[in-house]
Amino acid sequence: MGRAELTRPIQASDVEEIKNIVVDLRDLTISAELEVLDVGAGGESVIFRSLGREIYGLESAEEEMNITREKGIEDIVGAKIHWIQGDAREMPLDDRQFDVVTSFFTCMYMRDTENKQKMLNECYRVLKADGVLYLWDFSITTLKQVFVGKLEILLPGDQAVSVSYGIGGEEKEQSLEGMKEIAANAGFTLLQEEVNSPYFFLKFGKK
């Protein structure tokens with residue numbers, strides 16, 4: 001289970017599990033000359049696999065980076081991830097370093113508004129002028145102890161990968177409108193919005 005934060009045995013009645021969620025990344029295209037930072041890049045590294053080229057990957061958990069390495073994903077893609085281990089709320093990166101930042105179901109793990117705001121503030125800071133943020137994430141409204149979303153991710157070349165993202169405990173609620181407000185507070189302008197309940201995709205531009 002990708003990034004799931006389940007630390008004790010739980011009952012099925014405590015879990016809201018949503019299955020058969022399809023995320024289509026086959027048409028995700030970012031020009032090769034643009035520098036890309038993927039926030040939360042470890043594990044299945046789906047953004048890297050979708051783009052099929054060299055990127056920078058920020059990841060706080062060494063075990064997530066190790067999963068990517070153990071699966072040999074860089075060899076499969078034929079390109080390199082330049083790993084940066086660090087916290088998305090305080091990125092060890094220079095100002096205006098990247099043309100594009102991507103966040104694939106990462107904001108949900110920031111939990112509260114304050115931490116989400118810190119993350120998006122950092123995304124804004126490390127983007128160059130006219131940079132772009134691509135953000136995929138869940139709307140989470142469950143009153144149950146644990147939320148789990150099971151994704152089937154479609155990649156170029158008729159590839160697909162199955163991933164589960166789960167979060168438990170308090171302060172796991174997240175909404176589309178809330179994320180748009182946080183992004184606006186960071187300075188972003190909304191460029192594109194797609195809702196495929198229970199997940200959404202947002203594209204923002206740096207003012």
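The values are calculated or read from the model by the stated rules, or taken from the named source; none is laboratory data. In this text the structure is predicted, and so the values were computed from the model without any measurement. Backbone-built Cβ (ideal geometry, glycine too); neighbour counts: all protein chains shown.
On the given criteria, is Gly131 touching a Ser or Thr at 6+ places or on another chain (Cβ under 6 Å) and within 24 Å of Arg53 (Cα to Cα)? Give the steps one after another, and end with the answer.
Details: touching a Ser or Thr at 6+ places or on another chain (Cβ under 6 Å): no; within 24 Å of Arg53 (Cα to Cα): yes.
Taking the combined requirement at face value, the residue does not satisfy it.
Residue-level check: of (1) at pLDDT 95 or above; (2) within 20 Å of Ser50 (Cα to Cα), Gly157 misses just (1). For region 1-110, which helices (runs of 4 or more DSSP H) that fit wholly inside it have 1 or more residues that are polar (S, T, N, Q), at pLDDT 95 or above and surrounded by fewer than 16 Cβ atoms within 10 Å (Cβ to Cβ)? Result: 62-71. Filtering region 115-130 for residues that are on the phi > 0 side of the Ramachandran plot and not in a loop (DSSP other than H, G, I, E, B) leaves a non-empty set. Take the conditions without any contact (Cβ under 8 Å) to a residue 40 or more places away in the chain, crowded, with 16+ Cβ neighbours inside 10 Å and either within 22 Å of Ile47 (Cβ to Cβ) or of a type in the set (D, E, K, R) (or both) and apply them to Leu135. Does it pass? Here the answer is no, as Leu135 does not meet what is asked.
Only residues that are within 16 Å of the chain's Cα centre (by Cα) and assigned to a strand (DSSP E or B) were counted across region 136-174, and they come to 20. Ala186 fulfils the conditions (1) under 18 Å from Phe105 (Cβ atoms); (2) surrounded by 15 or more Cβ atoms within 10 Å (Cβ to Cβ); (3) of a type outside the set (Phe, Trp, Tyr) except for a single criterion, (1). The residue that is nearest to Ile140 (Cα to Cα), among those in region 189-205 that are surrounded by fewer than 17 Cβ atoms within 10 Å (Cβ to Cβ) and touching a helix residue (DSSP H, G or I) at 6+ places or on another chain (Cβ under 9 Å), is Val195. Can you find a residue in region 25-32 that is under 21 Å from Glu152 (Cα atoms) and acidic (Asp, Glu)? Yes: one or more hits. The sole residue among Glu177, Glu194 that is more than 21 Å from Leu37 (Cα to Cα), charged (D, E, K, R) and in a strand (DSSP E or B) is Glu194.
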